Structure formats: structure tokens, C-alpha cells
Amino acid sequence: MERAAVENLDFFRRIIYGIDDLGEAVIRNILSRLPAKSFASAACVSRLWNTICNSILSSPKLSSAVSFNPSLEVQWVLSAAKKKYSWPTDTQPTATCGMILTVGFLPGLKVHLVPLFQSEGPQSLSVDKFVMDIREVASAFSHSSSPAGIMLFADRKTNILPVLQKTEYAFPKDTFIVGDGGSELIFRISETTTVPPDSTFAAVALLFTRDINKPLGIGEIQFHVMLSTGVTAVGPVYKILSVEDHGTSTCFTATRDTIPEPFEGEAILHDILDEVGEDIMFAAKATYIGVTKSRSCSVGTERAKLMQFHEFHKFEPVGDEALPPVRSVGINSGDPFRFYISDKDPALSTTYNILYMLMDLKEDFNNRIKKHEKAEVFGGIVFCCGGRGGNYLGSPDYASFPFVDNFPGVTFAGTHTSAEIARGCFGYLYGESDQENNFDIHCNLHPYGALYLVMSYHCPIPER
């Protein structure tokens, strides 16, 4: 009897050793598909299998699903580092609408929600407090007062531009800032969060901070941000002469170097039509003015710093007493600007640039694997302008193909946006490098763009 038991044990050992000969990658693929109880049992089979199972459990995960069921009751849940936030909604989607659910686990990171409040009055946005709250949360859970990244969602009625100016000043370049500049905000905050009286929520930031108590054996998650632009500059450079603030919009008059007389009323509209051509201007789906601004930035009592920003404002061709207004405020006399129109050509070319950048990233990771450095892309999210949807670029899948072609089978989710938030250099992003100082101009809110946030996991290098 004892001899038979020993022979059976040797038999099963030979089976296990035979499976081990398949290689760690194949075993990992098999074990990751097991149901929970079988997975737990497999972790007890051998030291190698236990190590692989622990690696699977500590690896980042991102999953996404979409439903077009018009009667579906939905809760949108974002989960990361064992924290869960729910956005219950009473809105019933129509048959043409979809609900997207994205769930993630990001080991080595902590995820927190920080709201931006708005009250009545001239200084309605509590931007300084918002930035200091972000710093406080980051300091509490990491070695730095700057988070690894910020995913920012602004309410449609919020002018997010002054917020982006402050965050550009407050956080180093290695802190990524992405998001949607105009969305519907439905979320749940911590019970310990104090809401100021007579305040509403203007925006919400999802913070990703490096965990100061990250367990041993956990690798590092890296974020890669890429932007496809979708507008082209047309006509000459103008300069703001006078400004008339209308609350949520601005009217102004302007001048240009070659014509000494100021443009009043709709004269500037006629001028740009003469310069560019009515067929080109009217064929564009959207028109903006891009204003270069020099602004003094600070947070609290910190020393102010003079910074330059290039900010886009939606152009509204109505009115007859002044230049047709642009959405938003924050434009001053003396600010130079140009007209920009939505354009398929830069949208197509920069989308292919992202395809090639992701090809280079994939090749880099493959080379690391050859050096026994494990790194992989585990997910991606795209924020794409709604105007680029449908067949605008020739195919409804145009926003997804750069990622899907390079990383088939990897989770990829996204949403249509009204304006894409992404930190960047104006001269580099928009190809306007004719002046040297264009590379010192920050551009953080982009019209008609597509923003890609690609996430990769770098396994810890084992000690030898």
C-alpha cells in the first residue's frame, strides 16, 4: 500500500514538473483563467506556482463594459487600490445612448477623490483650496505633495481654464493631468469632506498617488499621455484692444499690425473671411480663437510666477455691436490671438503619430523582456472630442485603432468629451515653432482632440 502511494505521488510530481517545462508564461496564462477555489488550490501545488499566483494577484487590472439597454439601471463604479466610488444616476439612457463601466485595480497606488467647490461672488471658484487639498492628500499617502497623476472632470458650466493655470504652476511636469473639460458630474464624496455653505461642485479630481506603504514584490505603474490635435491656425495674428465681459462670455475689439485702425463690430469677422476664404471658414465644424496669455500664478501666499498659456475659446458668430463673443472669460487687453478651425488633416496625421509612438513603446517593452525585465501595457483610456465621432475621420473606430492595433486583447475604454484636458507644450503640440518662446507656452485644454492615457506595469526586478 505504501509503495503504491509513493508511486502515485511520483506520478503527480512528474505531471507537475512536465507542466513546469511549458514555461512560466504559459503556466501564468493557465492559472489566471482558473476559478477562485481552483486558483487557491493551485497556489499550494509548488513554490513556483505559488510565486506565479501571487504575481497574478498583485498585477494591475483594468476591465470595461458597455451596455445600450435603454431600461438598464446603472451605477458607474471606478475601483482602484481597494477603494470604490459609486455614481448612482437617475438618468434613464435612450436607445441611442450607452453606459460605460470601467473597473480597475492599481497596486502600489492610492486613489482619492477631491472636489472643487464653487460659490457665488467674483472669486467663486475655490481654486487655491482645491490645489492645497490635492497636496494634502498626496502628502498623506506618498513621499511627495505632488500625486503621480490627476484625472480631472469639470462641470459643463465651469470655466476650467483658471484651474488648469493653477495646477500647471503647482505640480511638476511628471504629474500627468488629463480629463474632460465639460461633463455631467454625478459622484459620491467621503463623509468626512466638509462642503462649504451655499456651494456647488464645479469639478472633481481623481488622484493617483504612490503608496508610501507599498508592499514588497509590487512593481511600478507608469502612465503615458499622448494627444492627437484637431485644429489648424488660419489668418494673421491679432491683438485684443478692448474687452467687454458678459459673465460667461467675452466680447472684444482687436487690431493687427498691418492695419492701424481697430476692428469694431463684425469687421474682424469680415477680415478673417477675406484673408482665409468663406468656403474654408464655413466648411469647418467649429471655430475657435487661440489666445496667448501672460499671467501671474501663485497658490495661497506662495511667491507668484509669471507664466504663459495658450488657451482656446469657442467662437460664436452672433451679435453686431462688438466682435461676436467667445465662450468663457479671462481674456485681457493686449493678448495676441489667432483664429483656429477644426481640421481633419492634423487629426489624421497626429492619430498616426500616436500609432507609431505606441509601436515604439511596444518594441521597447519587447526588448526589455529579452533582458528579463518584465513590462507590459495593461490598459488604456481615450478622451475623444464628440465632434470627431462617427465617420468624421472616415471610420467610427479611428479613435481606437492606434491602441487596439498595437495591444489587441488589452482593455481599452473611452468617452466622448467637450474639451480634452492634457498638459503640453504649445509649440510642440501644434507645430507652431516659428518663435522660440512658443516652447515655453503651456497649453492644457484642447479642442477637437483625442487624448490617450496608456497604463503600463513594470514588474520588480528579482534579487540575485
All lysines inside 22 Å of LYS110 as judged from Cα atoms, apart from same-chain residues fewer than 8 positions distant: LYS61, LYS82, LYS83, LYS84, LYS129, LYS173, LYS214
Which FRET efficiency value, to the nearest 0.05, do you get for PHE282 and ALA233 by plugging their Cβ-Cβ distance into 1/(1 + (r/R0)^6) with R0 = 22 Å? 0.80
What are the ³J(HN,Hα) values, in whole Hz, obtained from phi via the Karplus relation 6.51 cos²θ - 1.76 cosθ + 1.60 with θ = phi - 60°, for each residue of the stretch 238-244 in sequence order, with x given for Gly and Pro? 10, 9, 5, 9, 9, 10, 10
Inter-label distance for ASN366 and PHE39, nm, one decimal - labels placed 7 Å from Cα along Cα-to-Cβ: 2.9
Per 0.36 nm of contour for each residue apart, how much would the distance between SER32 and ASP174 grow if the chain were fully extended, relative to their Cα-Cα spacing? 47.8 nm
Calculate, for the stretch 105-238, the solvent-accessible area per residue in square angstrom, rolling a 1.4 angstrom probe over the heavy atoms of the protein chains. 45
Ordering 390-401, 334-345, 413-424 by per-residue average of other C-beta atoms within 10 angstrom, highest first, gives 413-424, 334-345, 390-401
Cross-link partners of LYS285 among lysines (Cα-Cα below 26 Å; sequence separation of 8 or more within a chain): LYS157, LYS239, LYS293, LYS314, LYS344
Would you mind getting me the FRET efficiency between THR415 and LYS214? Use the beta-carbon distance for r and R0 = 30 Å, nearest 0.05. 0.50
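The values are calculated or read from the model by the stated rules, or taken from the named source; none is laboratory data. Please read all numbers here as calculations on a predicted model, not as lab measurements. Cβ: placed from backbone, ideal geometry, glycine included. Neighbour counts: every protein chain shown. Heads up: the accessible areas ignore ligands, DNA and RNA and are worked out on the full protein's heavy atoms, side chains in. Shrake-Rupley method; radii C 1.70, N 1.55, O 1.52, S 1.80 Å.
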